[in-house]
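As C-alpha cells, the structure follows; a few thoughts come after it.
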Amino acid sequence: MACSYYVPFQGHFSLRKPTVSLSHNSKARDSVSSTFKPILRELQQLVHGVDVMKAAVKNTSVKLLDAFVDSAFEFVDFSLDPNQTNTAPVDELREAVTVTSIHGNIPVDFPQGVYIRNGSNPTFGGLKSTKSIFGMSGPIWVEGEGMLHALYLSKDFHGRWTVVYNNRYVETDTFKLEKLRNKPSFLPAVQGDSLAVFSSYMLNLLRFGKPYKNMSNTNVFEHSGKLYSIAENDLPQEIDIFTLEALGDWDVNGAWKRPFTAHPKRAPGTGELVTIGIAPTKPFVEVGVISADGKKLLHKLDLKLDRCPLSHEVGVTKRYNVFLDCPITVDVNRLIHGGQLIKYESEGYARIGIMPRYGDADSVQWFTVKPNCTFHIINCFEDGDEVVVWGSRALASVIPGPQPGSKQFEWFPATFKPGKRMEDSISEDQLLFHRPYEWRLNVPSGDVKERFLTGPNHFPMEFPMINEAFIGVKNKYCYTQVCHCDPSSASGMGRFGGLAKLYLGEQNTGISSGGDHGSIKVEYHMFEKNTYCSGAAFVPKEGGVEEDDGWIITFVHQEDTNISQAYIIDTKNFLNEPVAKITLPCRVPDGFHGAFMPIPL
C-alpha cells in the first residue's frame, strides 16, 4: 500500500557523512568525528524508527484491508462448461517422467530439443469469482496461473530416442504470495458488476501494489539463448529450460518496467527484439527495441495513443515496426462510469501503424482499416511500396467472453444462429470467428487494400505459426489451428479440431459451391472426433532447404478417452497421418501458445 509521511527534514536533508577533507589533520578529524558520531547515531535511530513506524502502519493497514475483504467478499467457483473435460487444472509434477508409449517413429532428422507449451492452470481448484456487497466480479476464461508443459526429445549415437515429460507452475511473485497465504487472495477484477470490478481492482492495488496477478500463462519465447514465459499484463519470467524453474522478472537490466507483449518479434537482419507494453493508464502503449544479446534497451517511446487497445502482438519488417490499434480496449474510466473494463466496439475505429525501427511517435504512419478484432499476426513484410500485414481477423471478440454461468450461445451476437453451419448463418462481412486476412498498406499514397485470404467455405483458423526464419520477410507458408465453431461457442474458449497449411502464394484452382475461387490453397489435417489440439509449433528440419522442411508438433487431448498425446506431423506430407503419436503420462489441459527450442540434451 502506498503511504506518505511528513518528516520535517525530508525535503532537503541528506544523511551523509560530512564532506570535509581532514586527510592532513588527524586531530581535527578525530575531533569532528567524535562530535558528529552521536548526532549521526541519533539521526540513524530516528530514521530507523520512522521506517519501523511506516512498516507497522502499512502492515496494520493491509491486515485491516484483508479483514474487510474476508468479511465482504466470498470466493465461488467459476462456472465452466461441464462437457469440456480438459479445462480443469492438473497436478504439478516438477520432475520429469519418462514416456514409454510412442506410436510410429520420431524422424531421425528431427532435432533434439524441448517442445514447451504455456497455459492456464488455476490454483485452489480452478478459477474463482466473488460475491460481495458491491456485486459479482469474475475472471475471464484466459486467466489462471501459468503452467509450463515440456516434452524433452533426445537421441543417442545410435539414433534411439528418449522422451520425457514434465510440467511446472510459473512461480511469479503473485503466485508465491497466494501459495504462502494458502488461499485465493487476489480479487477477480475484469468482468461483472462495474462497482464490484472497480472495488476489486482498487483493493488489489492497495493490498498488493498491483491490480492483477502476474499469470505468465500465455506464451513462451526465446531470446539470446534464454527462455521466457509471458502474459501481457506483466514482465516476462526467465525460465530454466531443464528444471522449468522461474528465475525472476526480465526487465532488461531495469530499463523496461511495464507490461510486455505476449508476442515480441525478432527483427530480421539484426536479431533485435521488438516489444510493446500496454497499460490501462497513460502511457497506454510503449514500444521497445532490445539488443540482440538481451542486455540493453536500445530504444523506447510512447506511441501517444488516446486509448489502451488490447494489442496482443507486434509485427516487424526489415525496416518497420507494425502495430494493431483495434477497437477492443481496456478502459478504467469506462468502468468507473458503469461500463465494462474490457469491451469490443464493433463500430469503433481500427487502424494499423507502421514506423521506422527507431522512430518516434511523430514518425508513425497510420492506416485506417475496417473495424475488426485481430489478436494474432501471421507475418509482415515489405513488397515494393507496400507493407503487407497478414493476420487472423474476426468481427467479434472472444475476450472477455461469456459471463460466469451464461448459457450456450447466449454470449454471442444475435447474428450467430446455432444449429447451422456458421457460413450459412452469417454473411462474409459478418464472420464471427478468426479468418486469415490481408492488409496491403501503400506507404507513399496511404491507401489500403484488404481481403480474406481464404473463402467463406473454409474453416475458421487461429493461432497462426510460420517458420520463424521468415519473420519480417515474405514467406510462402503458414500453419494454423482449425477452429470448431459449436464447441468453441459453448464456452467462449477456442476448440481446435485440426490443423491447416496455407499456401500463401498459391491460388486455389478449384471452384467450390461457396465461391472460394481465387482464395489461396489450403490443406487440412483434421483429428479424430472429439480430439482437440493446443500450442502447435513449427519445427524446422536440421539442414532443411525449403521453408516448409519440417514438422508441426502439438499437444492433443481425446475427450472420449481423456488421453493426452503429442502429435508430430510432416509438413511436406501434411495430409498424412502423424509420423509419431506420443502418449503422455498425464493429462495436458487446453492451453495457449507453444514453441520448440532445439538444444542438445
Requested in this report: Compute the normalised compactness of the stretch 107-192: alpha-carbon radius of gyration over 2.2 N^0.38 Å, N being the residue count.
Outcome: 1.60
Query - Proximal charge balance of residue 444 [Cβ under 12 Å; K/R count +1, D/E count -1] - result: -3
Query - Long-range HN-HN contacts of residue 551 with modeled amide H, under 5 Å - result: 539, 541, 571
Report task. Could you give log10 I(q)/I(0) at q = 0.17, 0.23 Å⁻¹ for the stretch 228-273, computed by the Debye formula over C-alpha point scatterers of equal weight, without solvent? Result -> -0.55, -0.89
Report task. State the Cα centre-to-centre distance between the stretch 158-216 and the stretch 247-304 in whole Å. Result -> 22 Å
Requested in this report: Pairs to check: 449/501; 282/304; 63/210; 131/183; 183/210. Give those whose C-alpha atoms are more than 20 Å from each other in this structure.
Outcome: 449/501
Report summary line: As straight-line cross-link partners of residue 296, the qualifying aspartates and glutamates (C-alpha separation under 14 Å, not fewer than 8 residues apart within one chain) are 251, 272
Requested in this report: Determine the principal axes of the Cα atoms in the stretch 342-404, then give the extent along each, sorted from largest to smallest and rounded to whole angstroms.
Outcome: 46, 24, 20
Query - Spherically averaged projected area in nm², based on the convex hull that wraps the Cα atoms of the stretch 296-374 - result: 6.1 nm²
Requested in this report: Give me the aspartates and glutamates in straight-line cross-link reach of residue 529: C-alpha distance below 15 Å, same-chain residues under 8 apart excluded.
Outcome: 486, 559, 560, 577
Report task. Specify whether the C-alpha gyration tensor of the stretch 229-336 places it in the rounded, prolate or oblate class, a ≥ b ≥ c being the square roots of the eigenvalues: rounded for a/c under 1.5, otherwise prolate if a/b is larger than b/c and oblate if not. Result -> oblate
Query raised in the report: Using modelled amide H (1.01 Å from N, peptide plane; none on Pro or chain starts), what sits under 5 Å from the amide H of residue 563, excluding residues fewer than 5 places away?
Result: 558
Report task. Can you work out the accessible area per residue across the stretch 136-186, with the rest of the protein chains kept in place, probe 1.4 Å, in square angstrom? Result -> 40 Å²
Query - Ratio Rg/Rh, restricted to the stretch 106-152 and using Cα atoms, in which Rh is the Kirkwood radius - result: 1.31
Report summary line: Between residue 453 and residues 5 or more places away or on another chain, the pairs with built amide H atoms under 5 Å apart involve 437, 438
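The values are calculated or read from the model by the stated rules, or taken from the named source; none is laboratory data. As the structure is a computational prediction, the values presented were derived from the model and not from experiment. Note that we place each Cβ from the backbone using ideal geometry, even for glycine, and neighbour counts take in every protein chain shown. Just the protein is used for accessible areas: all its heavy atoms, side chains included, with ligands, DNA and RNA removed. Shrake-Rupley method; radii C 1.70, N 1.55, O 1.52, S 1.80 Å.
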